[in-house]
Every structure is written in structure tokens, then in C-alpha cells.
1. List, largest first, the extents of the alpha carbons of the chain along their principal axes, each in whole Å.
2. Can you give the relative contact order of the chain as a percent, counting alpha carbon pairs under 8 Å and 6+ residues apart?
3. How large is the Kirkwood hydrodynamic radius of the range 83-157, in angstrom, based on all distinct alpha carbon pairs?
4. Helix 100-113 against the longest principal axis of the chain: what's the angle in degrees, Cα atoms only, rounded to the nearest 10?
5. Helix 119-140 versus the longest principal axis of the chain: what angle, 0 to 90°, nearest 10, using Cα atoms?
6. Return one number: the angle in degrees, 0 to 90 and rounded to the nearest 10, between the long axis of the Cα atoms of helix 64-82 and the longest principal axis of the Cα atoms of the chain.
7. Subtracting the Cα-Cα distance from 0.36 nm times the residue separation, let me have the gained length for residue 70 to residue 120 in nm, one decimal.
């Protein structure tokens, strides 16, 4: 919440989407399977093009404490990224007079650039996933569902080692 205060509330007009609503569960139900599908698609395509080599390899956590730490880390990363790329940037770009399409395009582009350290396939996955998350956010205007979906997707990647 401190990040929300520093980024948004100092201006005095914006309010954080703190309240949990039924639409958050709908956005989770759409976003999480969509993220899994996108990730599987990217994994299959990259594996086929790279002669069976995985796009990105991730080591699964070992032990219950590592799993708990990984889960909270993934969830907090999901919230932080979704807050910034979907909520905060959308709000600021809207205040700058941009319409929905450029807002989604810019936020998705920045989101994928921030994942370039994962290589081409990771950035492409972030780009496609960013489009999905931005569209779900635009439809439901709920931060929690897409943040949970993002966090659960990251946890799934770590737990499966894909």
C-alpha cells in the first residue's frame, strides 16, 4: 500500500482498487487459464524451433519453506507488476489523454521489455500475456483477479520447472 500511496495517492484524486469484488474471481477464472495456455503455446513453439531445447528453464523450490517463500514471492510480484502495468500506467496514460488502444499497447510493450532478461521467448510470452491481462483488466476493472492469476502462473512455472 505504501507503493500505492507513493505512486497514486499523493495526487489526491485516484483511489486504489482495494475492495474485493465478484468480478475479481471472474477475471481470475479467465486470466489464469489464458496465461497457462499462452505459456504452453510459447513453450511448444520455442521447443519446436529450438530443436527440443526449452525456452527458459526454472529450478523448482526444494522443501516446504522454499515453496512457501516462492508462493508469497510470486503473489507479491503479481500484485506489484499488475498494479504498475495495468492500474498505475493505465491511470496515468488516461490522464495524459490517451485512449484505450494506445494505453494497452504502451503498457504491454513496457511489460514485455521488463521481461527481456528472459530472452526472446520470455519477452514474447510477456507480450502475449500482457495483452491478455490488459484486456481482462479493461473488461472487469479489478486488480485482484489478474494479480492472483499472474502470481499463480509464476508459481506454476516454478513448481513444475517448465
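Read-outs throughout are calculated quantities, based only on the coordinates presented, and are distinct from any laboratory measurement. Bear in mind the structure is a predicted one, so any value in this text is a computation, not a measurement.
1. 51, 36, 27 Å, listed from the longest principal axis down.
2. Values: 183 pairs, mean separation 66.5, N = 162.
41 percent.
3. Details: mean 1/r = 0.0798 Å⁻¹.
About 12.5 Å for the range 83-157.
4. 40 degrees
5. With rounding to tens, the tilt is 40 degrees.
6. Approximately 40 degrees, to the nearest 10.
7. Details: separation 50, 0.36 × 50 = 18.00 nm, distance 2.44 nm.
Full extension of this stretch gives 15.6 nm more.
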